[in-house]
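The structure under discussion appears below in the form of structure tokens.
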Amino acid sequence: MSENVQSAHSPDKSGAANEFVEIIKTVVYALLIALFLRVIFFQPFTIPSASMEPNLYEGDYIIVSKWSYGYSKHSVPFSPPILEGRLFEQKPHRGDIVVFKLPSDNRTDYIKRVIGLPGDRIQMRRGLLYLNGQPVKREPMSPVKMDTGYGFVREVARYRETIDGKSYVTQDFGTDGDLDNTDVYVVPEGHYFMMGDNRDNSSDSRVPPGAGGVGYVPAENLVGKARIIMLSWKPEASIFKPWTWVLDARPGRFFNILQ
């Protein structure tokens with residue numbers, strides 16, 4: 001009788017085990033597909049700071065295309081040393097908004113705008129950007145009021161800057177800040193010069209790594225080109241406070257194509 005009982009129950013145990021194995025396989029396949037899409041095609045990022053305002057705000061959820069500049073070890077999570085240089089490399093253009101790995105640690109994701117290509121000479125004079133000795137075209141726009149913290153509101157200048165036919169808005173607190181007057185930077189071969197659109201609130205290639213800045217960015221460190229703002233929430237929104245998902249949403253920024 002005991003043999004009959006064991007025989008009667010064994011198909012149920014076998015069926016449950018097979019079902020569990022199938023679930024595990026489905027999860028593994030889904031993760032592999034997600035990893036493939038993330039490495040080859042698209043990767044989402046959340047903007048953590050105000051350095052790219054007024055074009056990207058803290059809390060913007062953006063999509064980055066991974067194929068735009070080819071692939072390097074930084075295209076893969078955790079940047080394993082599986083590839084030197086870039087595969088299928090394509091050069092970025094001045095004005096592109098790019099996600100890259102911070103050169104000082106090759107781990108932290110940063111987002112800035114490409115301003116200088118290899119061999120370019122970059123300089124700031126009284127807040128005006130010079131490229132290869134010539135001022136970059138910009139047109140003044142209406143200033144805006146901004147809360148800079150602790151209830152202190154100040155007027156912020158805005159400009160429409162155009163570089164290589166690409167136009168975007170920058171903002172500036174003045175012409176005498178630490179980064180408004182600089183020496184000439186000569187971009188080394190195989191590197192790029194990055195700047196934030198929020199010119200007085202961006203630690204970018206104007207600041208050397210030893211001072212906590214970005215410095216020149218090696219081509220290998222490029223992760224991808226920012227394409228679109230998919231979603232956006234104010235910094236006060238929290239995943240643990242469901243009501244903020246609606247109250248702190250910025251629907252006017254949903255599905256905005258980036259320039």
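The values are calculated or read from the model by the stated rules, or taken from the named source; none is laboratory data. Computed from a prediction, not measured in an experiment: that's the story for all the values here. Here Cβ is always computed from backbone atoms with ideal geometry, including for glycine, and neighbour counts include all displayed protein chains.
Quick notes
- Scanning region 163-188 for residues that are more than 21 Å from residue 119 (Cβ to Cβ) and either β-branched (Val, Ile, Thr) or not assigned by TED's automatic domain parsing to the domain that holds residue 217 (or both) turns up 169, 170, 175.
- Qualifying residue in region 85-92 (condition: surrounded by 14 or more Cβ atoms within 10 Å (Cβ to Cβ), in the same structural domain as residue 215 (by TED's automatic domain parsing) and small (Gly, Ala, Ser)): no
- Among the candidates 121, 113, the residue that is basic (Lys, Arg) and under 14 Å from residue 217 (Cβ atoms) is uniquely 113.
- In region 220-259, the qualifying residues are those that are polar (S, T, N, Q) and surrounded by fewer than 18 Cβ atoms within 10 Å (Cβ to Cβ), and the one that is nearest to residue 98 (Cα to Cα) is 259.
- With respect to the conditions (1) farther than 18 Å from residue 138 by Cβ; (2) small (Gly, Ala, Ser); (3) surrounded by fewer than 14 Cβ atoms within 10 Å (Cβ to Cβ), residue 205 falls short on a single one, namely (3).
- Being surrounded by 19 or more Cβ atoms within 10 Å (Cβ to Cβ), within 30 Å of residue 78 (Cβ to Cβ) and either free of Cβ contacts under 8 Å to residues at least 40 places away in the same chain or out of contact with any Leu (no Cβ under 8 Å at 6 or more places or on another chain) (or both) is a property that residue 217 has.
- Residues located in region 178-217, provided they are farther than 18 Å from residue 168 by Cα and assigned to a strand (DSSP E or B): 185, 186, 191, 192, 217
- Hey, residue 211 closer than 20 Å to residue 74 by Cβ and among the hydrophobic types (A, V, I, L, M, F, W, C) or not: no
- Screening residue 190 with (1) under 30 Å from residue 223 (Cα atoms); (2) surrounded by 14 or more Cβ atoms within 10 Å (Cβ to Cβ); (3) in contact (Cβ under 8 Å) with a residue 24 or more places away in the chain gives one miss only, at (2).
- Taken over region 55-109, the residue count meeting the criterion of being of a type in the set (Gly, Ala, Ser) and without any contact (Cβ under 8 Å) to a residue 40 or more places away in the chain is 2.
- Residues in region 47-85 that are more than 25 Å from residue 145 (Cα to Cα), of a type outside the set (Phe, Trp, Tyr), touching a Leu at 6+ places or on another chain (Cβ under 8 Å) and at pLDDT 90 or above: 62, 70, 72, 73, 74.
- Any pair with Cβ under 6 angstrom, 6 or more apart, that starts in region 121-139 at a residue that is over 15 Å from residue 183 (Cβ atoms) and ends at one that is of a type in the set (A, V, I, L, M) and surrounded by 15 or more Cβ atoms within 10 Å (Cβ to Cβ): 135/128; 136/129; 136/163
- Options 64, 76; residue that is of a type in the set (Val, Ile, Thr), surrounded by fewer than 21 Cβ atoms within 10 Å (Cβ to Cβ), in the same structural domain as residue 222 (by TED's automatic domain parsing) and over 21 Å from residue 159 (Cβ atoms): 76
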